[in-house]
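Worksheet: the structure to be examined is printed underneath.
What follows is calculated from the coordinates using simple rules that are stated; it is not laboratory data. Since the model is a prediction, treat every value here as computed from it, not as a measurement. When we count neighbours, we look across all protein chains shown, and the Cβ atoms used for this are built from the backbone with ideal geometry, even at glycine.
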Amino acid sequence: MANNPLSVSFDNGFGSLGNAWNVPAPRNGEVTLSGSSGLMEWASGKSAGHGYGTYTVTAKINGHEPGPAILLWPGDDKWPGQEIDLVENAHDHSGRQYGTVHWNDNGKDAFKTEMFEGVTGGVFHDYQLIWEPGKMTFKVDGKDMGSITSHVPKDFAHGGMNNTIGILNNNPDTSITVSHIDFKPLGSSDPAPAPAPAPTPEAAPAPAPSTGSGGSSSGGAVDWYAIAAQMTANFNATGKWEMPSGGTSHSPAPAPAPSQDHPVDWHALAAQVMANYEATGHWFM
Ligand SMILES: [Ca+2]
């Protein structure tokens, strides 16, 4: 899958973010996630989603609790793995926001964070991640919030893996409204000098890109057990509720219909997850 540019305005449905649960149809060019809900591109294999480039998501986070997140989920849907969070709420209930790069450290989650000092919720911001070889840079409204230069993954075209774009919320006291998602491949987004290396697949590995998708499962089964295990493991390891994706191996629906029709009863699943959280304080099904 080529590392193509992307623009989702939410004027006509969810665009490439076809893996939706508990998400109302967009209105006035915006979509709002509340409660336990998610909207993601299908993580169907290492080539799914996007690679090196600039990711810009215009969004408003409401609430001071952890719960909302804009993230890039590993294309192979495996966790721990190369999850990158463009923004999350801090877990000290302060409403501070930060970005994170996760990686798989011998089967355990490991991560680095960059705090977005001075950034507050309740208003729209442009959350931006620039993913380039050896460097991840976070920006908010164009202002540099810091870079991470270790454990930066390679994208699929360079022998690594792409990531899929996702929006999530898992707290009844928070919500996130998104008005635009934009991705520009490295080389097309740089207005200036550096003749960035063309994102041509010079070193693209030959093997079929659909590894890690657990086979071609038919139907709409979502692996909630894996998701819950991921979340619990992450919480135990970090004290933080990171958001896993809600889907596993689906066909990569490139242009999903904007309707809410879906074989999975997301509402029922989400209700179960919420009920468990309210009863136990843990997110699982
Ligand atoms: Ca819009």
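At-a-glance table
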read-out	value
Per-bin percent of Cα-Cα distances, segment 70-137 [5 Å]	4, 15, 25, 24, 18, 10, 5, 0
Listed residue pairs exceeding 25 Å between alpha carbons, taken from 46/112; 60/154; 108/154; 108/139	60/154; 108/139
Packing-based order for 48-56, 27-35, 127-135, using average beta carbon neighbours within 10 Å, highest first	48-56, 127-135, 27-35
Potential lengthening between residue 126 and residue 28 on full extension [0.36 nm per residue; Cα-Cα distance subtracted]	33.5 nm
Alpha carbon centroid spacing (whole Å) that separates segment 1-44 from segment 110-159	21 Å
Estimated inter-spin distance, residue 105 and residue 93, nm [label 7 Å along Cα→Cβ]	2.8 nm
Spin-label model distance (nm) - residue 117 vs residue 135, 7 Å beyond Cα toward Cβ	2.1 nm
